[in-house]
Number of protein chains: 2
Amino acid sequence: MAEHRKPVIGVDLGGTKILAAVVEPDGAIRASAKRRTHAELGPVEVIARVIETARQAVTEAGLTIADVVAAGIGVPGPLDTTTGVVSHAPNMPGWENIPLGRKVSDVLGVPVYIENDVNVGTLGEYLFGAGRGMQDLVGIFVGTGVGGGIILNGALRRGYRHAAGEIGHMVVAAGGPYCGCGRQGCLEAVASRTAIERDLRAGVAAGRQHRLFEFAGPNLERLTSGVLVQAWQADCPLTREVIGRAQWYLGLHAASIINLIDPQLLVYGGGLVEAMGERFLAPIRTVAHQHVIQQSGPPVRLVTAELGDNAGVLGAAVIARQRHIGSS
Amino acid sequence: MAEHRKPVIGVDLGGTKILAAVVEPDGAIRASAKRRTHAELGPVEVIARVIETARQAVTEAGLTIADVVAAGIGVPGPLDTTTGVVSHAPNMPGWENIPLGRKVSDVLGVPVYIENDVNVGTLGEYLFGAGRGMQDLVGIFVGTGVGGGIILNGALRRGYRHAAGEIGHMVVAAGGPYCGCGRQGCLEAVASRTAIERDLRAGVAAGRQHRLFEFAGPNLERLTSGVLVQAWQADCPLTREVIGRAQWYLGLHAASIINLIDPQLLVYGGGLVEAMGERFLAPIRTVAHQHVIQQSGPPVRLVTAELGDNAGVLGAAVIARQRHIGSS
């Protein structure tokens with residue numbers, strides 16, 4: 001069988017779990033496998049687990065490694081796509097200048113290409129999810145932090161220093177709350193789940209009216225996305241206010257992106273978006289459209305991501321296929 | 001002589017003046033001409049003045065129209081680059097759906113291509129000014145308003161709805177001052193010369209210490225860019241504070257652009273930048289670099305524009321040449 005018709009392996013390496021899938025050229029997932037990352041065990045063990053997960057997916061697909069042509073891995077944090085070296089992976093102890101691509105390739109016996117996890121997720125949505133048939137897409141992933149990926153005219157915008165897509169650190173609240181990055185007013189400091197949790201705890205401490213104890217426990221020990229949705233649905237006034245503020249900033253942020261680069265589509269993913277769906281997105285869309293300056297033509301669309309967990313493995317498979325073809 | 005070696009005409013049609021130049025393929029200006037726009041006379045008269053100015057430049061160059069291959073015109077406001085129709089030109093009465101390209105082409109007898117004036121100025125700086133040899137450039141023009149143009153990987157980013165580059169309406173002061181566009185917190189509402197003038201008048205009215213009467217007259221009737229520079233140089237405390245605040249917002253704005261698309265270069269032009277130069281830009285650069293999240297690699301450069309008035313005619317000439325070649 002011609003190389004370009006063979007399947008590839010897509011791997012999504014996250015701080016919590018590793019997903020691997022054997023993916024056909026048309027994006028069909030032939031089989032997949034999953035295990036916990038156990039990042040606390042360090043890079044050597046995590047790399048071994050990546051290899052095991054990939055092999056398991058190949059076996060589940062009824063194939064051997066000789067049947068696949070390449071592998072792609074989506075990884076959090078700054079990395080060098082050319083050398084396959086991960087400079088640093090936040091939340092993964094010991095990940096400093098780790099030659100992930102070569103280590104996995106040496107054992108698996110196929111070429112391995114790595115890419116930033118958010119770029120990978122954005123590519124997945126672009127080709128097989130909410131962005132199918134679109135020309136531009138900005139992916140906005142709201143979770144513990146806020147990450148993003150940008151595709152303009154069909155091509156991933158990596159940026160001059162390979163630093164594009166740091167949309168969580170666009171400044172939307174000048175002089176506002178401190179961000180985990182040490183700066184003030186970043187989107188992540190006002191709209192991530194971390195920021196929402198901080199504001200909820202502060203509101204409770206300040207004696208604001210709320211219903212969080214019913215859902216999150218007496219010490220707010222279960223402030224998960226799911227719990228936030230429950231409190232929101234139960235009309236908890238504090239939850240409504242805090243999430244509403246995050247949505248307002250996300251709307252202003254969307255408008256700034258649209259006014260700058262005028263993309264065709266903004267796709268929202270991440271824990272809170274997956275849990276709340278359109279109810280989370282609707283107010284963001286309203287604020288965004290109010291703040292877009294050029295109102296002529298069809299409005300830029302803001303939609304929820306479609307692929308959930310699969311965006312990462314599908315995007316990683318695309319990276320594997322594109323780079324392998326580009327290199328051969 | 002082969003068509004691609006012939007000169008073209010570049011025209012910069014502004015609300016105040018019309019500039020035209022005969023431009024060689026290497027960007028050399030062979031001759032130029034200039035007259036007042038007299039926008040109050042309406043589109044028919046303004047178009048006649050554009051044609052006269054273009055013809056005068058050709059004559060000054062010792063040529064006839066048969067010697068030039070095409071013309072490009074930079075125009076303020078939304079327009080259709082394909083049909084050559086200007087939808088609307090702010091500050092130019094009567095400019096609603098004016099087929100400028102065809103009108104000028106019918107009389108001059110050469111193909112005429114039109115483009116947004118800020119895109120044209122950005123292209124000029126990219127090819128012949130501060131952006132020579134660069135891969136990306138974001139042009140930021142601070143004047144009565146704040147306009148911008150974007151070149152990524154060598155190509156003008158027009159946007160999906162042809163609405164990219166509205167950087168003056170990126171939201172940098174959420175819930176802040178009203179903008180001329182009717183929205184709140186736009187960059188233009190806190191950092192344009194209009195915003196600076198509003199804040200200076202408010203400061204004077206509020207009895208703040210200042211030295212503006214010495215330079216701007218007893219009713220602040222001469223608050224030009226030149227006067228602002230004089231007051232700034234004389235250490236007028238109100239001027240320093242107000243301009244400093246504009247610079248701070250411009251720095252946050254620059255950081256947001258860098259964190260989003262990671263361009264190689266930001267080029268600043270417009271009245272106040274031309275009047276103050278590096279003194280205006282230095283604090284913007286400092287704030288920007290403080291708020292850029294990825295600090296590895298060479299820092300993104302922020303520089304002042306180099307071409308002044310010539311950016312427009314040079315960029316318009318490039319548009320003429322590129323589109324003419326593309327269409328033939």
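Return the only residue of A:GLN322, A:GLN290, A:GLN295 being surrounded by fewer than 24 Cβ atoms within 10 Å (Cβ to Cβ), at pLDDT 95 or above and not aliphatic (A, V, I, L, M).
A:GLN290
Name the residue that is farthest from the other protein chains (Cβ to nearest Cβ), counting only residues in segment A:116-133 that are assigned to a loop (DSSP other than H, G, I, E, B) and buried (at least 24 other Cβ atoms within 10 Å of the Cβ).
Checking each candidate, the answer is A:GLY129.
Looking at (1) more than 8 Å from chain B (Cβ to nearest Cβ); (2) buried (at least 22 other Cβ atoms within 10 Å of the Cβ), which one does A:GLN184 not meet, given that it meets all the others?
Here A:GLN184 clears every test but (2).
Tell me which of these B:ASP136 doesn't satisfy, since it passes every other one: (1) within 14 Å of another protein chain (Cβ to nearest Cβ); (2) over 20 Å from B:ALA254 (Cβ atoms); (3) among the acidic types (Asp, Glu).
Of (1) within 14 Å of another protein chain (Cβ to nearest Cβ); (2) over 20 Å from B:ALA254 (Cβ atoms); (3) among the acidic types (Asp, Glu), only one is false for B:ASP136: (2).
Looking at segment A:160-168, is at least one residue at pLDDT below 95, aromatic (Phe, Trp, Tyr) and crowded, with 18+ Cβ neighbours inside 10 Å?
Yes, there is a match, as at least one residue in segment A:160-168 is at pLDDT below 95, aromatic (Phe, Trp, Tyr) and crowded, with 18+ Cβ neighbours inside 10 Å.
Could you list, in sequence order, all residues of segment A:23-32 that are surrounded by 14 or more Cβ atoms within 10 Å (Cβ to Cβ), within 23 Å of A:GLY270 (Cα to Cα) and modelled with pLDDT of 95 or more?
A:VAL23, A:ILE29, A:SER32
For segment A:293-303, give me each residue that is assigned to a strand (DSSP E or B) and within 11 Å of chain B (Cβ to nearest Cβ).
Scanning segment A:293-303 gives a single hit, A:ARG301.
Give me the residue from segment A:140-161 that is part of a strand (DSSP E or B) and over 24 Å from A:ALA191 (Cα atoms) and, out of that set, farthest from the other protein chains (Cβ to nearest Cβ).
The extreme case among them is A:LEU156.
Restricting attention to segment B:248-273, which residues are more than 10 Å from chain A (Cβ to nearest Cβ) and surrounded by fewer than 20 Cβ atoms within 10 Å (Cβ to Cβ)?
Across segment B:248-273, the qualifying residue is only B:GLY271.
Would you check if B:ARG30 is in a strand (DSSP E or B), charged (D, E, K, R), farther than 26 Å from B:HIS162 by Cα and within 20 Å of the chain's Cα centre (by Cα)?
no
Check off (1) crowded, with 19+ Cβ neighbours inside 10 Å; (2) of a type in the set (Gly, Ala, Ser); (3) under 21 Å from B:LEU281 (Cα atoms) for B:ALA216 and give me the number that stays unchecked.
If we test B:ALA216 against (1) crowded, with 19+ Cβ neighbours inside 10 Å; (2) of a type in the set (Gly, Ala, Ser); (3) under 21 Å from B:LEU281 (Cα atoms), just (3) comes out false.
When segment B:298-319 is examined, which residues are found to be crowded, with 22+ Cβ neighbours inside 10 Å and of a type outside the set (A, V, I, L, M, F, W, C)?
Listed by number, the residues that qualify are B:ASN310, B:GLY312, B:GLY315.
Here are B:ALA202, B:ALA206, B:ALA216: which of them is in contact with a Lys or Arg (Cβ under 7 Å, 6 or more places away or on another chain) and farther than 19 Å from A:VAL292 by Cβ?
B:ALA216
Out of (1) modelled with pLDDT under 95; (2) of a type outside the set (A, V, I, L, M, F, W, C); (3) assigned to a strand (DSSP E or B), the odd one out for A:THR194 is which?
Against the list (1) modelled with pLDDT under 95; (2) of a type outside the set (A, V, I, L, M, F, W, C); (3) assigned to a strand (DSSP E or B), A:THR194 comes up short only on (3).
Got a sec? Which of B:ILE293, B:ILE325, B:ILE319 is of a type in the set (A, V, I, L, M) and within 20 Å of B:MET170 (Cα to Cα)?
None of the other options fit; the residue is B:ILE293.
How many residues are in contact (Cβ under 8 Å) with a residue 12 or more places away in the chain and within 7 Å of chain A (Cβ to nearest Cβ) when one looks only at segment B:164-176?
Looking only at that region, the number is 8.
The rows are residues; the columns are (1) touching a Phe, Trp or Tyr at 6+ places or on another chain (Cβ under 8 Å); (2) in contact (Cβ under 8 Å) with a residue 40 or more places away in the chain; (3) assigned by TED's automatic domain parsing to the domain that holds A:THR81.
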position	(1), (2), (3)
A:TYR249	no, yes, no
A:GLU278	no, no, no
A:LEU281	yes, no, no
A:VAL292	no, no, no
A:ALA316	no, yes, yes
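Test of understanding: among B:PRO111, B:PRO93, which residue is within 18 Å of B:GLY15 (Cβ to Cβ) and in the same structural domain as B:ARG321 (by TED's automatic domain parsing)?
B:PRO93
For segment B:33-70, name all the residues that are surrounded by 18 or more Cβ atoms within 10 Å (Cβ to Cβ) and assigned to a strand (DSSP E or B).
Passing the criteria: only B:ALA33.
The values are calculated or read from the model by the stated rules, or taken from the named source; none is laboratory data. On a predicted model such as this, the values are computed, not experimentally measured, just so you know. No Cβ is skipped: glycine too gets one built from the backbone with ideal geometry, and neighbour counts run over all protein chains shown.
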